[in-house]
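Notes follow once the structure below has been shown.
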Amino acid sequence: MIQFRTGEKSIANKIVKSLEENSITSDELGMYWKENTAGYYYYQAPVETQALMIETFSEVGVIPNEPESAKRNLNNIDNLKIWLLKNKQTNSWKTTKATSEAVYALLLNGSDWISITDMVDINLGDIKIEPSKMKDIAIEAGTGYFKTSWNAQEITPKMADVTIAKKGNGIAWGGLYWQYFEDLDKNNLS
């Protein structure tokens, strides 16, 4: 970013292009670098490094005279954001610095995922789950999180056929599980 800010934009663009070429991109994990791992030294900070990469791609990533670079760069930034979110799913961000830099990078760069209000379409067999129309279901503002359950007599075998469809841009996560309870004295343990 220093090269870009001091007017040496062609060098900065070459660096970003090299970063893009040396990255790994997958639908599940987003864009990341294999060498970006935690370690003993201060500069081995994967969350902070990923946040810096988001800022770098956001500031430097669009190459003049390449019209398709803006769309590709937005896609790269969104993939970098996916890696941060997937990292948070399985790890504790170790410091307040890591957390604040990650949140800053997630909220201020790339596509605006927070303002998307379209809910995910969920069907359990013939039942369409519409949390906004369900009694006693609160949808969490900003995230769209909700939780629902059924009594044993309401559950049918058709409910095992689950269909989930995401409308629009952005990313969505969810969880679905079957849980049942039985009286302890009814269990035949050997």
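The values are calculated or read from the model by the stated rules, or taken from the named source; none is laboratory data. Only a predicted model underlies this, so the values are computations on that prediction, with no experimental measurement involved. No Cβ is skipped: glycine too gets one built from the backbone with ideal geometry, and neighbour counts run over all protein chains shown.
A few notes on this one:
- Of all residues in the stretch 121-134, one or more are among the β-branched types (Val, Ile, Thr), in contact (Cβ under 8 Å) with a residue 12 or more places away in the chain and either in contact with a strand residue (DSSP E or B) (Cβ under 9 Å, 6 or more places away or on another chain) or in the same structural domain as residue 83 (by TED's automatic domain parsing) (or both).
Rundown of residues vs (1) at pLDDT 85 or above; (2) surrounded by 11 or more Cβ atoms within 10 Å (Cβ to Cβ); (3) closer than 30 Å to residue 145 by Cα; (4) not charged (D, E, K, R), yes/no style:
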site	(1), (2), (3), (4)
35	yes, no, no, no
42	no, no, no, yes
46	yes, yes, yes, yes
49	yes, yes, yes, yes
53	yes, yes, yes, yes
62	no, yes, no, yes
80	yes, yes, yes, yes
92	yes, no, yes, yes
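- Once the stretch 134-148 is narrowed to residues that are closer than 12 Å to residue 119 by Cα and loosely packed, with under 12 Cβ neighbours inside 10 Å, the residue that is modelled with the lowest pLDDT is 142.
- With respect to (1) basic (Lys, Arg); (2) in contact with a Leu (Cβ under 9 Å, 6 or more places away or on another chain); (3) under 30 Å from residue 62 (Cα atoms), the lone exception for residue 158 is condition (3).
Yes/no per residue for (1) surrounded by 11 or more Cβ atoms within 10 Å (Cβ to Cβ); (2) more than 30 Å from residue 110 (Cα to Cα):
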site	(1), (2)
132	no, no
150	yes, yes
155	yes, yes
159	yes, yes
177	no, yes
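- For the stretch 26-45, the criterion of a residue being in contact (Cβ under 8 Å) with a residue 24 or more places away in the chain, more than 16 Å from the chain's Cα centre (by Cα) and assigned to a helix (DSSP H, G or I) is satisfied by no position.
- Long-range neighbours under 6 Å by Cβ, at least six apart or interchain, first residue closer than 16 Å to residue 54 by Cα within the stretch 1-14, second among the aliphatic types (A, V, I, L, M): 4/12; 4/60; 12/60; 13/63
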